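The values are calculated or read from the model by the stated rules, or taken from the named source; none is laboratory data. These numbers were taken from a predicted model, which means no experiment stands behind them. Please note: Cβ atoms are built from the backbone with ideal geometry, for glycine as well, and neighbour counts cover all protein chains shown. Side chains are part of the model used for accessible areas, which takes the heavy atoms of the whole protein and leaves out ligands, DNA and RNA. Shrake-Rupley method; radii C 1.70, N 1.55, O 1.52, S 1.80 Å.
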Protein chains: 4
Amino acid sequence: VAVGEAAVVDPDRRYVAVVGGTVASDEMLEMAEQVGRRLGERGAVVVTGGRDGVAEAACRGAVAAGATTVGILPGRSRREANPFVTVAVPTGLGDTRNSLVVMGVDAVIAFPGGYGTLSEMAHALLNGKPVVALGPWPAELPVEGRDDVIRADDVDGAVELAMVL
Amino acid sequence: VAVGEAAVVDPDRRYVAVVGGTVASDEMLEMAEQVGRRLGERGAVVVTGGRDGVAEAACRGAVAAGATTVGILPGRSRREANPFVTVAVPTGLGDTRNSLVVMGVDAVIAFPGGYGTLSEMAHALLNGKPVVALGPWPAELPVEGRDDVIRADDVDGAVELAMVL
Amino acid sequence: VAVGEAAVVDPDRRYVAVVGGTVASDEMLEMAEQVGRRLGERGAVVVTGGRDGVAEAACRGAVAAGATTVGILPGRSRREANPFVTVAVPTGLGDTRNSLVVMGVDAVIAFPGGYGTLSEMAHALLNGKPVVALGPWPAELPVEGRDDVIRADDVDGAVELAMVL
Amino acid sequence: VAVGEAAVVDPDRRYVAVVGGTVASDEMLEMAEQVGRRLGERGAVVVTGGRDGVAEAACRGAVAAGATTVGILPGRSRREANPFVTVAVPTGLGDTRNSLVVMGVDAVIAFPGGYGTLSEMAHALLNGKPVVALGPWPAELPVEGRDDVIRADDVDGAVELAMVL
């Protein structure tokens, strides 16, 4: 069974997590969809928590660009994934899975969210992952006298940072 | 941003886990590759622990058929995936991730392996997932007076069972 | 704030997991309670999955001997612990927590059980923990041509092995 | 095997997590030790991540008061627990265990810390647990327009809140 060179997976393929609220404003959802689309156009795998709101919008955009979207789900069933998740990964870990959403990625783009989003940002920063904030939140994330969150002005800026940092 | 119907992910897409030893005989590796290829040809997503041996062979076969291969990795880095994993999911859970390898699938095809493989079979059976054994192991898995492992005679039989059960 | 030497925790204190069915025969439950009591009398911390059956019986015996009993629970609430768990550890991991039940112990005593018990034995053996079987199960656990499960003839023998191996 | 009423574990026993930096000022460590001692004197089980800094200070104080201290450890060995952990729970989950540190408790007392501490506070708030901050951090934790962190003026106030909320 010969496998051509092309079949080997590109080890430099970029993985980017998009996190944010399960409920979000129309403006944020529109931006999240654009982020997903741009990431997809640039060949990135888009990783999310697989549910509603920002995650679904980002997946929708990425799928429109033909990208792979990974949903790291809190429950045990693939059925809880939003319809734009191409690869559903049930974990059965509940909110504990938040750290897995950001564990395997090269960068995180964060939209406004709640404590779940905050936990994902904290886990990413704890592990030295670049976290790019898009939107008006958080005003600051002051830990040990510094704030490591990178602010992006717009979708293109956020995607560029997530692809190169 | 319009998304065509085709972009929506097929909710009935089949996910099948292939488990077995990280070290295996040439005969078993050849069979695992054939299993991966057949599953890929039938449109299944192939889920493995993402490492060597049976997992790598199954991924190699599936990728040759153009399939998606998910590697649920024990460590925190995508780099530990074998080169035929198209979607790497680092978990940082160590062997505890074994239950996640079989959690989100519709069926499991098991090749001979060690205690890790045994743990994956046990977790799958605990959750009522069909487990199809291929190869000379285990002779039996006697739990509560019964053995729920289904025996397949060959690759085609195993794949057929994993696709329809 | 001075702390006396006696307050420092003995690093050589023994931890032993007791696993087995959530449903078990009266004979097995009686043996599990005796195992818990003997372990407690010898100063061991008894670790279980914290639920019914063998786990509860072992905890009951250990508590009667004044021992600490740790329940590594599948859900998110301490309330699901049996009434003889002195330290409840909710994990929210579901069955995935089975690997944690045996992770931190020095040895495992296994009573007959189902696939959950089998997964705990597999995880323990995968990590080189001594597993002592008590009762008529399993007849064998054949992995890679060998069976590492140690058979004990009776309660005293099982406890002795779990305390010294 | 009769077990007296007294042997049954009190289901209303209070569990309180104490979180904060693995490196902390002498003033914060002194306060953490006092918090542990007060919690222990009031009969609480003190839960921490089991390592250095604030966790160790809180455990030291609690042990001096005769309390049980649970260390939910990131690694697989009990040996990584600080010497004042009376019940060590290795998880092998790495930082993902942070959510487990606060999962099973009735309240959390938070000292200044880094992203790990922030993740623990976020997980606790996500699950509706009272989080009482002691010390100059965080200035705010603005999520969805509100900050649910409760500020305590001193050790006695923090312990009182953690015992009654």
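Compute a Gaussian network model of chain B, connecting alpha carbons closer than 10 Å, and tell me which residue from B:Pro11, B:Pro130, B:Pro112 fluctuates the most. Of B:Pro11, B:Pro130, B:Pro112, the most mobile in the Gaussian network model is B:Pro11.
For region A:28-104, the Kirkwood hydrodynamic radius comes to 11.8 Å, computed from all pairs of different C-alpha atoms. Structure remark: mean-square fluctuation, Gaussian network model of chain A, C-alpha springs under 10 Å; the largest value among A:Gly94, A:Gly50, A:Gly20 belongs to A:Gly94.
Of the DSSP beta bridges with both residues in chain C, give the percent that are antiparallel, rounding to the nearest 5. Mind showing how you got there, number by number?
On the way: 1 of 20 bridges.
In chain C, DSSP labels about 5 percent of beta bridges as antiparallel.
For D:Glu41, the label point sits 7 Å beyond Cα toward Cβ; its separations from the matching points on the remaining copies run 3.9, 6.5, 7.6 nm, from shortest to longest.
Across chain A, the longest run free of exposed loop sites, meaning GluC sites (Glu not before Pro) lying outside DSSP classes H, G, I, E and B with no more than 15 other Cβ atoms within 10 Å, spans A:1-139.
Per residue, the accessible area of region D:27-127 comes to 24 Å² when a 1.4 Å probe rolls over the protein heavy atoms.
C:Asp147 label point (Cα plus 7 Å toward Cβ) to equivalent points in the other copies: 1.3, 6.3, 6.4 nm, shortest first. Association of chains D and A removes close to 2200 square angstrom of accessible area from solvent, both sides included, for a probe radius of 1.4 Å. Remark on B:Ile109: its backbone amide H falls under 5 Å from those of B:Ala17, B:Val18, B:Val19, B:Val132, a criterion applied only to residues 5 or more positions apart or on other chains, H modelled at 1.01 Å from N. The alpha carbon centroids of region D:49-115 and region A:8-56 are separated by 35 Å.
Helix content alone sets the calculated 222 nm mean residue ellipticity of chain D: runs of n ≥ 4 DSSP H residues at -39500 (n - 2.57) each, divided across all residues, give -10000 deg cm²/dmol.
Considering only the other residues whose Cβ falls under 9 Å of the Cβ of A:Thr22, what net charge follows from Lys and Arg at +1 and Asp and Glu at -1?
Working: positive: A:Arg51; negative: A:Asp52, A:Glu56.
Around A:Thr22, the surrounding residues sum to -1.
Compute log10 of I(q)/I(0) for the protein assembly as shown with the Debye formula, placing one identical point scatterer on every Cα and leaving out solvent, at q = 0.09, 0.12 Å⁻¹, to two decimals. Cα-only, vacuum Debye calculation for the protein assembly as shown: -0.76, -1.25.
If you restrict to DSSP beta bridges whose two residues both lie in the protein assembly as shown, what percentage is antiparallel, to the nearest 5? Mind showing how you got there, number by number?
On the way: 4 of 80 bridges.
Antiparallel: roughly 5 percent of the beta bridges in the protein assembly as shown.
So what's Rg/Rh here for region A:59-158, counting alpha carbon atoms and using the Kirkwood radius for Rh? Reported Rg/Rh, Kirkwood definition of Rh: 0.98. Straight-distance candidates among the aspartates and glutamates for linking to C:Lys129, with alpha-carbon spacing under 12 Å and chain neighbours fewer than 8 residues away dropped: C:Asp106, C:Glu120, C:Asp148.
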